[in-house]
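Asker: I'd like to ask some things about the structure below.
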Amino acid sequence: MLDGKVAIVTGASRGIGRAIAVNLAAQKARVFINYRQNEQAARQVQEEIVKEGGAADLLECDVASPDNVAGAVKKVLEAAGHIDILVNNAGRTRDNIFVFMKESDWDEVLDTNLKGTYLMTKAVIRPMFKAKWGRIVTIASVAGQYGNPGQVNYSASKAGIIGFTKAVGRELAERGITVNAVSPGLIDTEMSRSLPEKARQEIVSQIPIGRIGTAEEVADAVSFLVSEWADYITGQVIAVNGGLFM
Ligand code: NDP
């Protein structure tokens, strides 16, 4: 149980982030639901949590913007006094084969996925130092482990997250802060639904467990990593991919 803990989940207005927010709130954490644009969707997540007896607040912020991030973290500290858990989930894709990949596609993906992770993590570690306790989990991807054609920018950002997790994990371990990553395979969300059906089916045919994963299955791994069951785990990448990559 996460009674008394305050969590920020980035990109929690839908998909995997939504499932993580709902799961942490069910364990009694107070969850700040970060969204960038879609306030209505974020509000629905909040309503769902409150209906189940949980506590949730909305937090508008573009994780790629240093000013937005500073303002958002200040807001959480003013409202809740502390931040115990950060889940860096916000992510985006701008797919194209490498020869046609524009610099703006590269920047947009790296700015959200990797720089956003850096900015959010940097902004929460001082409050975590103070408490001598913290749990940081970032959502990587199987693409960062084996490299997806058509996703050079995305794969680089997710591989960057894995290196980031290990290096920051080493630096913060003595301070009572663990830093881990969860690396999903193909998960049924809007992001993966944008893939052509043929491509989706081709990936599914390579998954030993034989089906696409659910957002809730990723959220379960995140919940494990922030729980007391994972106190001795840091710098790790937990794959939730049905065996797609071993
Ligand atoms: P979705 O596209 O369904 O949701 C992404 C979320 O991130 C949205 O809430 C979106 O909000 C938010 N977001 C995007 N950019 C920003 C930003 N700059 N600041 C704040 N929020 C932002 O994706 P998924 O739920 O599928 O993916 C969640 C994470 O899991 C991502 O990091 C993704 O890379 C990773 N992942 C997903 C896999 C899959 O198969 N679905 C597989 C492996 C990894 P908005 O609409 O406002 O931009």
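Asker: For Ala173 and Asp188, compute 0.36 nm times the residue count separating them, minus their Cα-Cα distance, and round to one decimal in nm. Provide the component values of the computation, followed by the final result.
Answerer: Numbers: separation 15, 0.36 × 15 = 5.40 nm, distance 3.34 nm.
Here the segment from Ala173 to Asp188 would lengthen by 2.1 nm.
Asker: Something else now. How much of the pair distance distribution for the stretch 130-170 lies past 13 Å, counting alpha-carbon pairs only, in percent? All intermediate terms of the calculation are to be shown ahead of the outcome.
Answerer: Working: 446 of 820 pairs.
Taking all Cα-Cα pairs of the stretch 130-170, the fraction more than 13 Å apart is 54 percent.
Asker: Can you compute the charge dipole magnitude of the chain about its Cα centre, using +1 on each Lys and Arg Cβ and -1 on each Asp and Glu Cβ, nothing else charged? Give it in debye, rounded to the nearest 20. Could the numbers behind the result be given before it?
Answerer: Details: 27 positive and 28 negative charges, 83 e Å.
Charge dipole of the chain: 400 debye, to the nearest 20.
Asker: What ranking do Asp67, Asp107, Asp57 get, fewest neighbouring Cβ atoms within 10 angstrom at the top?
Answerer: Numbers: Asp67 10, Asp107 14, Asp57 18.
With the sparsest Cβ surroundings first, the list reads Asp67, Asp107, Asp57.
Asker: Among Ser183, Ser192, Ser223, which one shows the highest mean-square fluctuation when the chain is modelled as a Gaussian network with alpha-carbon springs under 10 Å?
Answerer: The residue with the greatest mean-square fluctuation here is Ser192.
Asker: Give, to the nearest whole percent, the P(r) tail of the stretch 138-246 beyond 17 angstrom, counting all Cα pairs. Let's see the in-between values first.
Answerer: On the way: 3297 of 5886 pairs.
Value for the stretch 138-246 (Cα pairs over 17 Å): 56 percent.
Asker: When only C-alpha pairs under 8 Å and at least 6 residues apart count, what is the relative contact order of the stretch 127-239, in percent? Numbers along the way, then the final one.
Answerer: Numbers: 160 pairs, mean separation 37.4, N = 113.
Over the stretch 127-239, the number comes to 33 percent.
Asker: Please get the size of the charge dipole for the stretch 18-139, origin at its Cα centre, with Cβ charges of +1 on Lys and Arg and -1 on Asp and Glu, quoted in debye to the nearest 20. Write down the numbers at each step before the final one.
Answerer: Details: 17 positive and 16 negative charges, 122 e Å.
Taking the Cα centre of the stretch 18-139 as origin, the dipole is about 580 debye.
Asker: For q = 0.14 Å⁻¹, what log10 I(q)/I(0) does the chain give under the Debye formula with an equal point scatterer on each alpha carbon and no solvent?
Answerer: With no solvent term, the Cα-only Debye profile gives -0.88.
Asker: Name the residue farthest towards the positive end of the dipole of the stretch 127-246 from the options Gly147, Ile212, Val222, assuming +1 on Cβ of Lys and Arg, -1 on Cβ of Asp and Glu, about the Cα centre.
Answerer: The one lying farthest along the dipole's positive direction is Gly147.
Asker: Fewest to most neighbouring Cβ within 10 Å: what's the order for Tyr35, Tyr232, Tyr118?
Answerer: Numbers: Tyr35 26, Tyr232 6, Tyr118 17.
If I rank by nearby Cβ atoms, fewest first, I get Tyr232, Tyr118, Tyr35.
Asker: Per DSSP H run of at least 4 residues, take -39500 (n - 2.57); add these up for the chain, divide by its residues and hand me the 222 nm value, nearest 500 deg cm²/dmol. Could you put the intermediate results ahead of the total?
Answerer: Numbers: 10 runs with 113 residues, N = 246.
Helix-only estimate at 222 nm: -14000 deg cm²/dmol.
Asker: Still on this model: Need the full-extension length gain, Leu195 to Leu77, defined as separation in residues times 0.36 nm minus the C-alpha distance. One decimal, nm.
Answerer: Working: separation 118, 0.36 × 118 = 42.48 nm, distance 3.86 nm.
Result: 38.6 nm gained on full extension.
Asker: In degrees between 0 and 90, to the nearest 10, how far off the longest principal axis of the chain does helix 66-80 point, with axes built from Cα atoms?
Answerer: Value to nearest ten degrees: 40.
No value in this document is a laboratory result; all are computed from the given coordinates. If you're wondering where the values come from, they're calculated on a predicted model, not measured in any experiment. Don't worry about glycine lacking a Cβ; one is built from the backbone with ideal geometry, like all the others, and counts go over all protein chains shown.
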